[in-house]
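Q: Quick one: this structure, given as structure tokens, is what I'll be asking you about.
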Amino acid sequence: MKTLYRITDLFLYTSLFTACCATGLCMATERLVLGHPPPLASSLHALVFGSTLLVYNTPRIIRKPGAGDLLKQQYRPWYFTFFIAGLLLATAGLYRQPASVQLASVTLGVFAFSYFLPLLPFKTKKRLRDFGWLKIIVLAGVWTTATSVLPVLYWQKNISSYPLEIAMRLIFIFTLCVIFDIRDIRADISNNINTLPNKVGLRNSYTLISFTLLLFVALSSWQYSRYPSAARLAGALLTAAITRIIVTYLRRHPSERAYLFLADGVMIVYAALVLLI
């Protein structure tokens, strides 16, 4: 059992699981764009998977874990390993992209790294995540663009032809961002980061999650009227229901592993339902 926990922690805390989630959502968009499941091996997937590893392991490398920190010292060699792997994959994937994807990817990279590092020209030299109102906007925007806009550009389609797919993805990712902001509420308060849950309170945050899930369902139904795929609609409805169950579970049984596995994992669930049903 201890070995299983260590393997699970390695998978979760090195962001391998998160990279799989990002790639899965990317493929879910491609399923709509192409009309059939995309090939697993592609330069776009290498870019998305590698970039996720690169971005999420960077802050773990530049700071040492404190006492009681879940980013344990024993995993630091793995952070470097997956940082290098992500850099190689992202570079190779980016090189083979059309100019529009390269430009969008570089822009996303600036925002993604500025979320963790004080790169933007603010006088206070703060990270984007230090601004509570920017934290959720940047996360939702970067994830939405990477997993819905990049696939459309990659297959040389018109973005304006898929407004509902992009809107659905934004609402879905925003919902997950609120869930993770709830997880971080105490840490954000101690660091004077005024996030959405800190502004509106926990009760209203959970109400907001319920509202965004209903909006996700409504947009899914609207999308069905444009692209009549019963499988895709069923996948979206099941995802909303499963997300609601996960939110209830996390509210009663919060833990770092549960948040990483379940809240992130619902992205894999959505991708699997869209691709396999």
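Q: Would you tally the residues in the range 242-260 being touching a residue at least 24 places away in the same chain (Cβ under 8 Å), surrounded by fewer than 17 Cβ atoms within 10 Å (Cβ to Cβ) and outside any loop (DSSP other than H, G, I, E, B)?
A: Counting residues in the range 242-260 that are touching a residue at least 24 places away in the same chain (Cβ under 8 Å), surrounded by fewer than 17 Cβ atoms within 10 Å (Cβ to Cβ) and outside any loop (DSSP other than H, G, I, E, B) gives 5.
Q: While we're here: Taking the residues in the range 261-272 that are more than 11 Å from the chain's Cα centre (by Cα) and in contact (Cβ under 8 Å) with a residue 40 or more places away in the chain as candidates, determine which candidate is surrounded by the fewest Cβ atoms within 10 Å (Cβ to Cβ).
A: We begin by selecting, within the range 261-272, every residue more than 11 Å from the chain's Cα centre (by Cα); these are 261-262, 269-272.
Keeping just the survivors that are in contact (Cβ under 8 Å) with a residue 40 or more places away in the chain gives 261, 270-272.
Values: Phe261: 17, Tyr270: 25, Ala271: 24, Ala272: 15.
The selected residue is Ala272.
Q: Within the set of pairs 6 or more residues apart or between chains, which connect a residue that is in contact (Cβ under 8 Å) with a residue 24 or more places away in the chain inside the range 27-41 to a residue that is in a loop (DSSP other than H, G, I, E, B) with Cβ atoms less than 6 Å apart?
A: What qualifies is Met27/Pro38; Glu30/Pro38; Arg31/Pro37; Val33/Trp155; Val33/Lys157.
Q: With respect to Phe174, is the statement that it is outside any loop (DSSP other than H, G, I, E, B), at pLDDT 90 or above, over 14 Å from Thr29 (Cα atoms) and not β-branched (Val, Ile, Thr) true? Write out each step before concluding.
A: Details: outside any loop (DSSP other than H, G, I, E, B): yes; at pLDDT 90 or above: yes; over 14 Å from Thr29 (Cα atoms): yes; not β-branched (Val, Ile, Thr): yes.
Judged against the criteria, Phe174 is a match.
Q: Among the residues that make up the range 141-151, is at least one of them over 16 Å from the mean Cα position of the chain (by Cα), among the hydrophobic types (A, V, I, L, M, F, W, C), at pLDDT 95 or above and crowded, with 20+ Cβ neighbours inside 10 Å?
A: Quick first cut of the range 141-151, residues over 16 Å from the mean Cα position of the chain (by Cα) only: none.
Checked the range 141-151: no residue is over 16 Å from the mean Cα position of the chain (by Cα), among the hydrophobic types (A, V, I, L, M, F, W, C), at pLDDT 95 or above and crowded, with 20+ Cβ neighbours inside 10 Å.
Q: If you don't mind, there's one more thing I want to ask. Those residues that are at pLDDT 95 or above and assigned to a loop (DSSP other than H, G, I, E, B), I need them from the range 39-56; list them, please.
A: Correct list: Ser42 only.
Q: Continuing with the same structure: Kindly indicate the residue of the range 2-22 that is in contact (Cβ under 8 Å) with a residue 40 or more places away in the chain and among the polar types (S, T, N, Q) and also farthest from Gly235 (Cα to Cα) among those meeting that condition. Write out each step before concluding.
A: Applying the first criterion (in contact (Cβ under 8 Å) with a residue 40 or more places away in the chain) to the range 2-22 yields 8-10, 12-22.
Those left that are additionally among the polar types (S, T, N, Q): 8, 14-15, 18.
Values: Thr8: 26, Thr14: 28, Ser15: 25, Thr18: 20 Å.
Among residues in the range 2-22 that are in contact (Cβ under 8 Å) with a residue 40 or more places away in the chain and among the polar types (S, T, N, Q), the one farthest from Gly235 (Cα to Cα) is Thr14.
Conditions tested, residue by residue: (1) within 15 Å of Leu276 (Cβ to Cβ); (2) among the acidic types (Asp, Glu); (3) buried (at least 22 other Cβ atoms within 10 Å of the Cβ).
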| residue | (1), (2), (3) |
| --- | --- |
| Tyr5 | no, no, no |
| Ser15 | no, no, yes |
| Cys21 | no, no, yes |
| Thr29 | no, no, yes |
| Gly35 | no, no, no |
| Pro38 | yes, no, no |
| Asn57 | no, no, yes |
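Q: Right, next: Please verify whether Val106 is β-branched (Val, Ile, Thr) and either at pLDDT 95 or above or in contact with a Phe, Trp or Tyr (Cβ under 6 Å, 6 or more places away or on another chain) (or both), treating the condition exactly as stated. Full working, then the answer.
A: On the way: β-branched (Val, Ile, Thr): yes; either at pLDDT 95 or above or in contact with a Phe, Trp or Tyr (Cβ under 6 Å, 6 or more places away or on another chain) (or both): no.
No: the conditions fail for Val106.
Q: Could you list all residues from the range 177-193 that are surrounded by 14 or more Cβ atoms within 10 Å (Cβ to Cβ) and in a loop (DSSP other than H, G, I, E, B)? Explain how you work it out, then say what you get.
A: Start the filter on the range 177-193 by keeping residues that are surrounded by 14 or more Cβ atoms within 10 Å (Cβ to Cβ), which leaves 177-185, 188, 193.
Hits for the range 177-193 are Asp184, Ile193.
The values are calculated or read from the model by the stated rules, or taken from the named source; none is laboratory data. Just so it is clear, the model here is predicted, and its values are computed rather than measured. Using ideal geometry, Cβ is built from the backbone for each residue, glycine included, and neighbour counts are taken over all protein chains shown.
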